[in-house]
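Report on the structure given below.
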């Protein structure tokens, strides 16, 4: 299970000293519920076994280690996330945790394309600036969608 490692690694919820704070991109609904989420060192929502927000955590956090380019409709990933080699390997199995994660993200991305395209654009701009992104080999979006 690739995401079992996340509670140990915590890379995505931590900003090293000397680096700028990471403002988490929020959807319209998340802004109403959370106001804002900014990681200056450790995320304030990071608990001993992961995010204390659980399923209420921001979609941009759920999407990580992936990033979505809404202009090209392509998925990228953070090359520094230690989960990614196993994640990519698991995409060969449609019943794997990675495949389920990607399918869930795709479903939410399709909704957000219709309801909050500005969020998608802003999120990809931040991800592109902050992470070292590489195109995911398995692309879930076809020209038809």
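None of the figures in this text is laboratory data; all of them are computed from the coordinates on show. Please read these numbers as outputs of a predicted model, since none were measured by experiment. Note that each Cβ is placed from the backbone with ideal geometry, even for glycine, and that neighbours are counted across all protein chains shown.
With a Förster radius of 22 Å, plug the Cβ-Cβ distance of residue 118 and residue 33 into 1/(1 + (r/R0)^6) and report the FRET value to the nearest 0.05.
0.80
Tell me, what is the FRET efficiency for residue 100 and residue 19 to the nearest 0.05, using R0 = 25 angstrom and their Cβ-Cβ distance as r?
My answer for the efficiency is 0.20.
Provide 19, 68 in ascending order of the number of other Cβ atoms located within 10 Å of each residue's Cβ, fewest first.
Fewest-to-most ranking of 19, 68: 19, 68.
What percent does the relative contact order of the chain come to when contacts are Cα pairs within less than 8 Å and at least six residues apart?
Taking the mean separation of contacting Cα pairs over the length of the chain, I get 27 percent.
Sorted by average packing, counted as other Cβ atoms within 10 angstrom per residue and highest first, what order do 32-38, 97-103, 128-134 take?
Highest to lowest by the protection proxy: 97-103, 128-134, 32-38.
Rounded to the nearest 500, what is the 222 nm mean residue ellipticity of the chain from helices alone, with -39500 (n - 2.57) per DSSP H run of 4+ residues and division by all residues?
-11000 deg cm²/dmol
Which distance in Å, rounded to a whole number, links the C-alpha centroids of region 57-73 and region 119-135?
If you average the Cα positions of each part, the centres end up 8 Å apart.
7 Å from Cα along Cα→Cβ at both residue 111 and residue 8: what's the point-to-point distance in nm?
3.3
How far apart, in nm, are the 7 Å Cα→Cβ label points at residue 129 and residue 73?
2.8
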